[in-house]
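These notes are about the structure you will find just below.
The numbers here are math on the coordinates, done by the rules we state, and not lab data. Predicted, not measured: the structure shown is a model, and the values here were computed from it. Cβ sites come from the backbone with ideal geometry, for glycine too, and all protein chains shown count toward neighbours.
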Amino acid sequence: MIRINIVRDKDHYIREFTVKGHAGFSEPGSDIICSAVSVLAYTAAGALEDMVGISGYVEKDGYMRCFVPMDISGDRKQMANIILETIVLGFKQIELSYRKYVSVLDEEV
């Protein structure tokens, strides 16, 4: 199962997300659920870097953590949040269709 954890601050801005695991829906390399989640995660990382100037992510096999630094300006913080809210919507849509393979936890810390 793929577990996605969304972390928000007290103002409800998304500070980070992590993606862990493999869906196990199909054989590695042809698993459409893993592919869909990966596309969203890498799109978020790429958009944050290209559009906001944040290069905050780490990844390895079956794991990705993407984060927004605490000290970014208001405009950049707002743009980062729009990108991340869009990606979270995509994660949750996948979860709705494939609950057996994807779990999204959206929490405030």
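Using the basic label-point model (7 angstrom from Cα toward the beta carbon), what is the Ile82 to Met70 distance in nanometres?
2.7 nm
For the Cα atoms of the chain, what angle does the longest principal axis make with the long axis of helix 32-47, in degrees from 0 to 90, nearest 10?
Its long axis makes an angle of about 20 degrees.
Taking Cα atoms, how many degrees apart are the long axis of helix 74-97 and the longest axis of the chain, rounded to 10 and kept between 0 and 90?
Tilt relative to the chain: about 20 degrees.
Just need the relative contact order of the stretch 2-108 here, percent rounded to a whole number, with Cα pairs under 8 Å and 6+ apart. Don't skip to the answer; put the middle values down first.
Numbers: 154 pairs, mean separation 41.9, N = 107.
Relative contact order here is 39 percent.
Cross-link candidates for Lys20: which lysines have Cα within less than 16 Å, leaving aside residues fewer than 8 places away along the same chain?
Correct list for Lys20: Lys60, Lys92, Lys100.
If the viscosity is 1.567 mPa s and the temperature 4 °C, what Stokes-Einstein diffusion coefficient in µm²/s follows for the chain when Rh is the Kirkwood radius over Cα pairs? Don't skip to the end; give the middle numbers.
Numbers: Rh = 14.0 Å.
D = 93 µm²/s.
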